[in-house]
Amino acid sequence: MNLPTAPSPTLLLPGDAFPPTFEWGVATSSYQIEGAAKEGGRTPSIWDTFCRVPGAVHNGDHGDVACDHYHRMPQDVALIKSLGVDSYRFSVAWPRVQPHGRGPVNPEGLAFYDRLVDELLTNGIKPWVTLYHWDLPQELEDAGGWPNRDTAYRFADYAMMVFDKLQDRVETITTLNEPWCSAWLGYHVGVHAPGRKDFRASIDAVHHLLLGHGLATQRMRAAETTPHRYGITLNMGTADPAEDTDADRDAARRADGMGLRLYLDPLRKGYYPPDMVDELSQQGIALPIQDGDMEIIAEPFEVLGVNFYFGQDFSGVDEQGRTHGDDGQPVVRQVFPGTARTAMDWPITPERLTQLLVRLHRDYPGLPLVITENGAAFDDTADEQGYVADDDRTTYFAEHLAAVAEARNQGADIRGYFAWSLMDNFEWAYGYDKRFGIVHVDYDTQKRTPKQSAVWYRDTIAQYRD
Ligand code: GCO
């Protein structure tokens, strides 16, 4: 596909902002783009089930067809190639590869990813694999889901099925995408699949997700025939006090603890943050740690995927002036900076990306970082040809890439950047109502049309080629 030559805004970044070795990419995930939900031996995931819960997803949308990528993969790889990126981040659907979540592999399911990897490599694009981007086989949820310790071991078994098939051609293999979303949104808040509202279960899920990551990483490393880059992707932001008060400083600490340190401390330091362990114990909750777990979770890995959309502040006082909620727990209230917002009503805060990256470099040294997701939804208007002149999204990317360059200037070891997302797709509880793509998708015709932001991204990448 030849990208339009429409002039993109001259939001040029400094010519020396990124070295020729910097890895440029685009990202998607299986449930959000593949469709073919009942084809090739795939069984229902928790998202197939959750989408059928009345009111759970905008407009009752679901991923049965999505972007029909399963049937359009070669054309989509050609589209990726036209962007001039180095790499493509995609996820493997567990329910395709191992339909029951345990037991035999489904060769037809694995064959799709085998073809995808070959198509990418034929087009000079490196695959960046995510093993789990939220589509847990429903049968495993029926057996307890991530709160059930056994799921960690089932994940490691599944990971090895994929690894054995693809390790000879895939260098970068990451285990989980955003375990916070899986545990917190899926088992505590209930706005993501499987839609449970059980705080204790969500804490069990945190531990078993991390345990699954460690088990899988250990097994893959033990079985590798060539060196690989293993990793995990976390969604992170900033957590500053809204006001300079003890209550707000405490709220910011709690938000940072539950949102970032609860994951990165075990992964990189081998223990859960003591302040969070204490707060959980005050609620009568203990992480379900068994002997040896923390050593498994702390298995070394080579790259941390950073998914960043916005930074925020926190207040320890609710709108009624209370410091504790009806549940008796301390108030941790989001306060968005007074900036412009995206269509998700998320604040646009590029300077917070620099702040996060520099913090990660300082607090978790020696860990290369790659921005695995960054992007924005805006209310796009497509012309008759499907073209979207998305100045707002182009500007968002330019500002956030400048923020990445600034973090590099301050010493952060940032190796790459993946735009979220390659194309408009299923945005979870928002269904198809929110568009994050740099390529427009007409869901009636499945026509793909690169937006202005795709042209800008291609031209920006080209200026950093050696
Ligand atoms: C996430 C997921 C993506 C989302 C994107 C926009 O980070 O939540 O990895 O699947 O679509 O972030 O919300």
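If the condition is being touching a residue at least 12 places away in the same chain (Cβ under 8 Å), of a type outside the set (A, V, I, L, M, F, W, C) and at negative phi, then the stretch 44-60 contributes Pro44, Ser45, Asp48, Thr49, His58.
Only residues that are without any contact (Cβ under 8 Å) to a residue 40 or more places away in the chain and closer than 17 Å to Ala222 by Cβ were counted in the stretch 158-188, giving 0. Considering only the stretch 398-407, I want to know if a residue exists there that is more than 16 Å from the ligand (Cβ to nearest atom), open to solvent by 10 Å² or more (accessible area, probe 1.4 Å), part of a loop (DSSP other than H, G, I, E, B) and modelled with pLDDT of 95 or more. For the stretch 398-407, residues more than 16 Å from the ligand (Cβ to nearest atom), open to solvent by 10 Å² or more (accessible area, probe 1.4 Å), part of a loop (DSSP other than H, G, I, E, B) and modelled with pLDDT of 95 or more: absent.
Applying a threshold of 6 Å to beta carbon distances and a minimum spacing of six or more residues, or different chains, the list of pairs starting in the stretch 294-323 at a residue that is closer than 20 Å to Ala156 by Cβ and ending at one that is away from the ligand (no atom under 16 Å from the Cβ) and among the small types (Gly, Ala, Ser) reads Met294/Gly270; Ile296/Gly214; Ile297/Gly214; Ala298/Gly270; Glu299/Gly214. Scanning the stretch 112-137 for residues that are surrounded by fewer than 24 Cβ atoms within 10 Å (Cβ to Cβ) and either among the hydroxyl-bearing types (Ser, Thr, Tyr) or out of contact with any helix residue (DSSP H, G or I) (no Cβ under 9 Å at 6 or more places or on another chain) (or both) gives Tyr113, Asp118, Leu121, Thr122. Residues in the stretch 138-188 that are open to solvent by 10 Å² or more (accessible area, probe 1.4 Å), more than 23 Å from Asp204 (Cβ to Cβ) and outside any loop (DSSP other than H, G, I, E, B): 4 in all. Give me the pairs: first residue in the stretch 241-253 and in a helix (DSSP H, G or I), second residue polar (S, T, N, Q), beta-carbon distance under 7 Å, and six or more apart or on different chains, which are they? That search, which allows pairs on different chains as well, returns Ala247/Thr323; Asp248/Ser315; Ala251/Ser315. Restricting attention to the stretch 331-374 and to residues that are of a type in the set (Gly, Ala, Ser) and more than 22 Å from Arg268 (Cβ to Cβ), the residue that is nearest to the ligand (Cβ to nearest atom) turns out to be Ala343. Would you mind stating whether Gln290 is of a type outside the set (Lys, Arg) and not in a helix (DSSP H, G or I)? Against the criterion (of a type outside the set (Lys, Arg) and not in a helix (DSSP H, G or I)), Gln290 qualifies.
The values are calculated or read from the model by the stated rules, or taken from the named source; none is laboratory data. What you see is a predicted model; the values in this text were computed from it and never measured. Don't worry about glycine lacking a Cβ; one is built from the backbone with ideal geometry, like all the others, and counts go over all protein chains shown. For the accessible areas, the whole protein counts, side chains as well, though only heavy atoms, and no ligand, DNA or RNA atoms are used. Shrake-Rupley method; radii C 1.70, N 1.55, O 1.52, S 1.80 Å.
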